[in-house]
Amino acid sequence: MAPPETPPEPVWLLILDSCPLPSTEPPATRADQPLQWHPFDDLDCQSLCFEQYYSQHPAPETDLTDYLGGPAACSEFQTRLSNAGKSSQHINLRFPADCGTELPHGQPWLTPSPITALPSTEHNSTLPDLLILSATVCESFQTLTEILKWILQLRTQCTVAGCPPTLIVTGLRGVAVKVPQDFTAACSEALIHVPLWILSEGIHSARLQTLCGSHDLLPTIAQLLRLPPLQNDHCPAPDDVTPPALLQTPVSLLSVRELHPETNPRLLTIAGGEWVGLRTQHYFLVHPVNLPHDEDVLQTCSLYQKPDDFWNVNNSIVACEEIARAMLAAASQQH
């Protein structure tokens, strides 16, 4: 008799407004003082890290629904969640009032601390299967470091049968750093390129270069929670995911992590408000929303070669016209 399958772990999704990194400025202390270890280092060492992860809707007015794939994708996911009898909860984290930051309307940060805004952990059975935590309107590395410490501590308290919740940490928009404006680019890489960590007891830590985007998060969470497909809807098993299927559809990152980046023919569409970006493993094409349909179409485009041109400095559109036209054609067929 086969042993019963263990229940899936709850999933916690921490969405930062942006992902602040520690200051690169040397500390005003003794030169021989060791650097301070911080929770982002812990995530790097313990998690599945996707280094080519992109926010696919980094427009200023974007919300969580846009970030995860749009209203239709979120509605379908919620239906699958309900059909499986699983619960979800979305909490906006509250920050200490002394963080020195104000909300857009001039209101100070709310108290108490973020830890008190979370569900009670005295009875783990009352925790939702999916817990979404939004930490927005704050780019302070020190403040979000404290939040991350609290969440990692709380995660250990919520262990059930030896397994704490799976923790996913990422951001809505880029990295909160001051980039020197020594050049002009059609799109700043710091706006769309964000870290992604998946911390789970059942997933080996690794750093992957597989190209992926924010629209892949819902399929990933669905697989982590083992959600069945909708009735009369085909949801491919991980073994069914083949490279050609990756071009047009969001897929679970757990299903593609074993693929070599060179066998991953993805084309991510990034909507930035006034511009649209097309990202493949080797190129990033940026064009205005209203793209002209004539022979002069490439005059409004910029093409950057990846990963060498990290900050999108060198426009290679003249030397790579055929590649640019092929990317535009593939994007047209995709939509």
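Read the figures in this text as sums done on the coordinates, not as results from a lab. What you see is a predicted model; the values in this text were computed from it and never measured. Cβ sites come from the backbone with ideal geometry, for glycine too, and all protein chains shown count toward neighbours.
Can you give me the distance in nm between label points at residue 59 and residue 206, each placed 7 Å from the Cα along the Cα-to-Cβ direction?
3.6 nm
Using the 10 angstrom Cβ neighbour count as an exposure proxy, how do 283, 53 rank, fewest first?
Going from sparsest to densest Cβ surroundings: 283, 53.
Out of the stretch 268-322, which GluC sites (Glu not before Pro) are coil in DSSP terms and have no more than 14 other C-beta atoms within 10 Å?
Those that pass, being in a loop and sparsely packed, are 274, 295.
Take peptides 211-222, 144-155 and line them up by average Cβ neighbours within 10 Å, highest first, as a rough protection proxy.
Output ranking for 211-222, 144-155: 211-222, 144-155.
Label residue 308 and residue 142 with points 7 Å out from Cα along Cα→Cβ: what is the distance between them in nm?
Rounded to a tenth, the inter-label distance reads 4.2 nm.
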